[in-house]
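Peer 1: This is the structure I have questions about; it appears just below.
The values are calculated or read from the model by the stated rules, or taken from the named source; none is laboratory data. This structure is a prediction, so every number in the text was calculated from the model and none was measured. Cβ coordinates were reconstructed from backbone atoms using ideal geometry, including for glycine residues, and neighbour counts include every protein chain displayed.
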Amino acid sequence: MFFLWRRRRRVRRTVEVPRHAYKDGELIYVWGEPLQLRLVTFIRDGVYQEGQNLILASTKPLLVREKEALLESWFKEQLAARLPALFARAEQIVGRQASSYYVRTMKTRWGTCNVKTGRVCLNARLAHLQPAYLEYIIIHELTHLWERGHGAPFKEKMDLFCPDWRHLRRQLREDTPKAF
């Protein structure tokens, strides 16, 4: 019985994974905004944003998994570029500082915090969503440096640090499939 409960909880937590064919004209969300994917031949592989277009440049035709890897790497870079300023602001709000932070693609969580080491890990897929969600997740993870679990003391601190966190959490659950 316990295993069934745990499995159901894990399925509910699963982060929607984008299902893309990575074809020219397909919509890809970046910071909550839909961009049209444009496939172009170029002298080197790379991903670039130009206005409402997301350019995937390559020297040769790429397999779907190769396109996905290039885009995933680009999304990690986009997220990593915003983190120093966001962490600095969130650490002032929360009153605790992460020892370090890093980005990786996760299937079941938006973020994690190791309270023993103070390390925060963020899901690379947050770069698909509106920046407000990223700020909420960072504050949430830093709040774990005060309170380990999600009980009443944790919620009281979240109410202080991010008064609209309940709304953001609800919207995150509703918006996730749309953002991919």
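Peer 1: Could you grab me the full set of residues in segment 36-65 that are of a type in the set (A, V, I, L, M) and closer than 17 Å to GLU77 by Cα? Break it down into steps so the answer makes sense when it comes.
Peer 2: Applying the first criterion (of a type in the set (A, V, I, L, M)) to segment 36-65 yields 37, 39-40, 43, 47, 54-57, 62-64.
Passing the criteria: VAL47, LEU54, ILE55, LEU56, ALA57.
Peer 1: Against the conditions (1) over 30 Å from PHE42 (Cα atoms); (2) touching a residue at least 40 places away in the same chain (Cβ under 8 Å); (3) surrounded by fewer than 15 Cβ atoms within 10 Å (Cβ to Cβ); (4) of a type in the set (Val, Ile, Thr), where does VAL64 fall short? Just the number, please.
Peer 2: (1)
Peer 1: Given the conditions (1) assigned to a strand (DSSP E or B); (2) closer than 30 Å to VAL40 by Cα; (3) out of contact with any helix residue (DSSP H, G or I) (no Cβ under 6 Å at 6 or more places or on another chain), and given that VAL103 satisfies all but one, which numbered condition is not satisfied?
Peer 2: Going through (1) assigned to a strand (DSSP E or B); (2) closer than 30 Å to VAL40 by Cα; (3) out of contact with any helix residue (DSSP H, G or I) (no Cβ under 6 Å at 6 or more places or on another chain) one by one, VAL103 breaks only (3).
Peer 1: Looking at segment 66-82, is at least one residue among the basic types (Lys, Arg), more than 22 Å from ILE28 (Cβ to Cβ), over 9 Å from the mean Cα position of the chain (by Cα) and not in a loop (DSSP other than H, G, I, E, B)? Don't jump to the end; show me each part of the working.
Peer 2: First, pick out the residues of segment 66-82 that are among the basic types (Lys, Arg): 67, 76, 82.
Checking which are more than 22 Å from ILE28 (Cβ to Cβ) leaves us with none.
No - not one qualifying residue is present in segment 66-82.
Peer 1: Looking at (1) touching a helix residue (DSSP H, G or I) at 6+ places or on another chain (Cβ under 6 Å); (2) modelled with pLDDT under 95; (3) more than 20 Å from PHE75 (Cα to Cα); (4) not basic (Lys, Arg), find the lone condition where HIS128 falls short.
Peer 2: Result: HIS128 passes all but (3).
Peer 1: Follow-up question, since we're still on this one. Let me spell it out: the conditions are (1) among the hydroxyl-bearing types (Ser, Thr, Tyr); (2) closer than 22 Å to ASP175 by Cβ; (3) modelled with pLDDT of 95 or more, and THR105 meets all of them except one. Which number is the exception?
Peer 2: (3)
Peer 1: Right, something else. Taking the residues in segment 107-122 that are within 27 Å of LEU37 (Cβ to Cβ) and in contact with a helix residue (DSSP H, G or I) (Cβ under 8 Å, 6 or more places away or on another chain) as candidates, determine which candidate is surrounded by the most Cβ atoms within 10 Å (Cβ to Cβ). Walk me through it before giving the result.
Peer 2: Taking segment 107-122 as the starting set, the residues that turn out to be within 27 Å of LEU37 (Cβ to Cβ) are 107-111, 122.
Still in the running and in contact with a helix residue (DSSP H, G or I) (Cβ under 8 Å, 6 or more places away or on another chain): 108-111, 122.
Numbers: THR108: 13, ARG109: 14, TRP110: 23, GLY111: 20, LEU122: 27.
Taking the candidates together, the pick is LEU122.
Peer 1: Here's something else I'd like to know. Return the pairs, sorted by first residue and then second, in which the second residue is part of a strand (DSSP E or B) and surrounded by 12 or more Cβ atoms within 10 Å (Cβ to Cβ), the first residue lies in segment 100-117 and is among the β-branched types (Val, Ile, Thr), the beta carbons are less than 6 Å apart, and the residues are 6+ apart or on different chains.
Peer 2: Within 6 Å, the pairs are VAL103/LEU122; THR112/CYS121.
Peer 1: Still on this structure, I have one more. Is it the case that segment 4-25 has a residue that's farther than 23 Å from GLN130 by Cβ, surrounded by fewer than 12 Cβ atoms within 10 Å (Cβ to Cβ) and at pLDDT below 55?
Peer 2: Taking every residue of segment 4-25 in turn, at least one turns out to be farther than 23 Å from GLN130 by Cβ, surrounded by fewer than 12 Cβ atoms within 10 Å (Cβ to Cβ) and at pLDDT below 55.
Peer 1: If you don't mind, there's one more thing I want to ask. So in segment 123-180, with the set limited to residues that are of a type in the set (S, T, N, Q) and in a helix (DSSP H, G or I), which one is nearest to TYR102 (Cα to Cα)?
Peer 2: Let us first name the residues in segment 123-180 that are of a type in the set (S, T, N, Q), namely 123, 130, 143, 171, 176.
Those left that are additionally in a helix (DSSP H, G or I): 143, 171, 176.
Numbers: THR143: 17, GLN171: 24, THR176: 21 Å.
If we take residues in segment 123-180 being of a type in the set (S, T, N, Q) and in a helix (DSSP H, G or I), then THR143 is nearest to TYR102 (Cα to Cα).
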